[in-house]
């Protein structure tokens with residue numbers, strides 16, 4: 001009886017040692033999609049991991065990988081979802097100084113090639129940029145807006161207007177102010 | 001007058017240097033009346049009080065009193081309003097003008113940095129309004145039947161968010177009547193290195209750059225031709241306007257023109273303009289049309305009303 005008990009303890013110890021030694025083999029490496037936006041990582045032994053890990057997206061029960069959302073065992077391909085704006089396009093900060101720059105952000109589902117245009121207070125187009133989307137899903141897009149992107153060092157203080165266009169249809173618009 | 005024109009061309013040459021500081025964008029560049037805009041925004045030949053925004057010497061065309069109002073909305077967002085009144089006094093003509101561009105409900109944004117926000121999205125935390133105003137006080141006198149002079153004192157006010165900008169400057173203008181043509185020469189914002197100064201921390205003053213405009217009115221029977229060269233923000237801009245008064249209906253004036261203008265990034269744009277003026281018992285109703293680039297709303301309409309009596 002005692003021999004059987006020792007054998008059981010030995011088995012437990014052996015399984016524990018094997019588990020610890022083999023977990024690096026099962027843990028997945030850092031997975032990035034082409035936008036370097038979504039990160040999926042399963043690390044069963046984070047104590048053994050020497051690589052720095054910055055969590056930028058954490059979601060429980062749901063995984064989003066390359067445009068496919070898995071939730072409650074239901075698989076939905078977001079690439080085939082009809083395009084729609086989920087968060088209105090906004091500049092942050094607004095107002096801002098051109099020398100400091102700002103970020104332009106909007107949320108959407110689905111996939112579309114967008115065009116971003118900015119107008120001055122006289123209705124002149126002062127900036128135009130294509131925002132091509134690949135087949136991958138972005139929950140929230142952020143684009144740095146500064147002198148370099150604008151292509152001009154000076155922008156007079158005032159109010160400017162922007163539109164987001166998809167295939168000749170207006171999908172979003174807004175206004176922002178530039179400080180002197 | 002010829003000497004003045006030569007001096008004008010000389011000034012254009014010496015000022016053709018690149019702009020380093022940020023220029024203050026003059027809202028009056030849009031145009032001060034539908035009648036002027038319809039003629040390619042050729043300045044100085046508007047017969048109502050709003051001519052003070054173009055060339056104060058042009059006030060000689062108004063009689064005892066004159067008033068003018070213009071209103072337009074650009075891209076359904078920017079409301080432009082101009083109001084001008086003038087009157088004749090024993091020492092010359094006096095006029096006052098107000099020009100405003102206003103925008104409401106501009107979002108002030110913030111970032112959602114809360115732990116629940118996985119996207120760190122931007123959101124609107126409030127709204128503010130924008131108002132850019134120009135006040136002009138004008139004096140006009142005539143040296144002779146053919147040579148007219150005018151001067152403006154301009155105050156600039158720029159208010160939005162938590163910022164308040166102020167500046168002032170002067171304009172000068174001459175108009176010379178010749179048997180073949182009328183010449184208009186104006187210089188706006190002539191004070192050297194004048195600026196609009198802001199009260200917000202870290203704000204840089206914006207330069208009030210001079211603008212020089214030379215234009216002409218050449219009547220050929222019932223057709224009137226208006227060529228113009230303007231030096232604005234150190235860039236030459238050309239315009240030409242046409243007007244036609246049918247002899248069978250003298251109350252009506254058909255307008256057309258071509259105008260070059262600058263965007264806020266100082267890039268040259270050109271447009272055609274069309275317009276119509278109806279003059280009934282001294283009340284002048286004007287309409288002008290101009291195509292603009294704004295997405296799907298690329299038509300701009302201007303309306304103005306004025307009277308000279």
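No lab work stands behind these numbers, since they all come straight from the coordinates. Bear in mind that the values here come from a model prediction, so they are computed numbers and not experimental data. Quick reminder, even Gly has a Cβ in these numbers, built from the backbone with ideal geometry, and neighbours come from all protein chains shown.
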The alpha-carbon center of region B:97-157 and that of region B:18-65 are separated, in whole Å, by 18
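Could you line up B:301, B:148 from fewest to most neighbouring Cβ atoms inside 10 Å?
Going from sparsest to densest Cβ surroundings: B:301, B:148.
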If one compares the long axis through the Cα atoms of helix B:2-14 with the longest principal axis of the Cα atoms of chain B, the angle in degrees, nearest 10, works out at 20
Residue separation between residue B:71 and residue B:254 times 0.36 nm, minus their alpha-carbon distance, gives in nm 63.9 nm
Taking max minus min of the Cα coordinates of region B:66-128 on each principal axis, largest first, gives extents in Å of 73, 22, 10
Counting other chain Cβ atoms within 10 Å of each Cβ in B:150-161 and taking the mean gives 1
Averaged over residues of A:146-158, the number of beta carbons from other chains lying within 10 Å of each residue's Cβ is 5
Note to self: Kirkwood Rh of chain B, Cα pairs, one decimal, Å, is 20.4
Final fewest-first order of A:129, B:70, B:231 on the 10 Å Cβ neighbour count is A:129, B:231, B:70
Taking only C-alpha positions in region A:84-179, Rg and Dmax in angstrom work out to 13.1, 38
Rounded to a whole number, the mean other protein chain Cβ count within 10 angstrom for residues of B:178-189 is 0
Taking only the alpha-carbon atoms of region B:211-309, the convex hull volume per residue, in cubic angstrom, is 122
Once both label points are put 7 Å beyond Cα along the C-beta direction, the residue B:283-residue B:133 separation in nm becomes 2.8
Expected sort for B:29-35, B:190-196, B:233-239, A:10-16 on mean C-beta neighbours within 10 Å, highest first, is B:29-35, B:233-239, B:190-196, A:10-16
When A:140, B:99 are ranked with the fewest other C-beta atoms within 10 Å first, the list becomes A:140, B:99
Shape descriptor, region B:152-240: equivalent ellipsoid semi-axes (Cα gyration tensor, sqrt 5λ, whole Å, largest first) stand at 36, 12, 11
Rounded to whole angstrom, the alpha-carbon centroid of region A:83-132 lies from that of region B:162-177 at a distance of 34
